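Contents: one structure, followed by commentary.
The values are calculated or read from the model by the stated rules, or taken from the named source; none is laboratory data. Predicted model, so just to flag it, every value in this text is computed and none were measured. Every residue, glycine among them, receives a Cβ derived from its backbone with ideal geometry; neighbour counts consider all protein chains shown.
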Amino acid sequence: MSSSKEKGKRKKEKVRLLRAFRKRLLLAFCLLPFAFYLSACRQDMQNQPKYRPYRSSNFFRDELSGRPLVEGTVPRGYLRSDREFHTGKKNKPVGLQGATGIQNAATTQQNTAVQNAAGKSAPGTQSATYPDDVDTFPFPITAETVNRGQERYQIFCGVCHGMTGYGDGMIVRRGFRPPPSYHDDRLRQAPVGHFFDVITNGWGAMPSYAAQVRPEDRWAIIAYIRALQLSQMPAGSAAQVSQRGSSPLAGKGVNNQTAVTQK
Ligand code: HEC
């Protein structure tokens, strides 16, 4: 009788101990995350082994922490293999060109032709002012291109340059610095590559429009500007434009010839 009583007591004691243990275990579990938070983990996250931009390093031999790009790296979407199309610059910069003679000959020929046609002095000097800029469009200009150019021009350029290109757009009438008229001789004779350069990189007070206007559309706008220029030429002087080898409306014959001579 007494032994069975004692057995029951011991059993009860065991159950009590077990319960107490379980409670402690649960508490420990709950506190576990805080334990990490207070100790090593927090320190590591706060004190990350990393380099700030331009910080020096004693790990690399050149003591720079920033690593140079591997030679030939091209960011996605930046493979601009067609230099003329993407920059409006000639494939070989004139300064580095071995056969400058050929080019000079071509330019001189062209200048003489323009001079003869226009009966004025040195209208072709603009090619010399912008020697690296292409003076032909990198793709054939169609009526569609010019229409696209007109649309883009009226959206992005007309506000300052005016719908007809005289530099009297609404923003200018409200006080912005007036741009030069497209109908000045200097801009009539500037190569198309110069216009591309201005749209792409900005020019003086004019900001770059590279972000707003894709390269194809830049060329289309230039084609439209050429059309605008032609539309404002005094009657009978269209030869001035076409001889320059840059008009989208004149026959492409001259352009092609020039391109061939230069290559
Ligand atoms: C916010 C007004 C503004 C807009 C928009 C603008 N331009 Fe201009 N542009 C100017 C000003 C101002 C100048 C003169 C800059 C200077 O000489 O400091 C200029 C100059 C130019 C020139 C002459 C560069 C030279 O050789 O003198 C060209 C070409 C030109 N802009 C083309 C464009 C085209 C194409 C667009 C549309 C994509 C455009 N601009 C949009 C204000 C503008």
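Working only within the stretch 182-195, note down all residues that are near the ligand (Cβ under 9 Å from one of its atoms) and not basic (Lys, Arg). Passing the criteria: TYR182, ASP184, LEU187, ALA190, HIS194, PHE195. Would you confirm whether or not the stretch 70-87 contains a residue that is assigned to a loop (DSSP other than H, G, I, E, B), among the small types (Gly, Ala, Ser), modelled with pLDDT of 85 or more and at positive phi? Taking every residue of the stretch 70-87 in turn, at least one turns out to be assigned to a loop (DSSP other than H, G, I, E, B), among the small types (Gly, Ala, Ser), modelled with pLDDT of 85 or more and at positive phi. Across the stretch 210-223, the qualifying residues are those that are part of a helix (DSSP H, G or I) and within 9 Å of the ligand (Cβ to nearest atom), and the one among them that is nearest to PHE195 (Cα to Cα) is ILE222. Here GLY175 meets the list (1) more than 9 Å from the ligand (Cβ to nearest atom); (2) closer than 19 Å to ARG218 by Cβ almost entirely, failing just condition (2).
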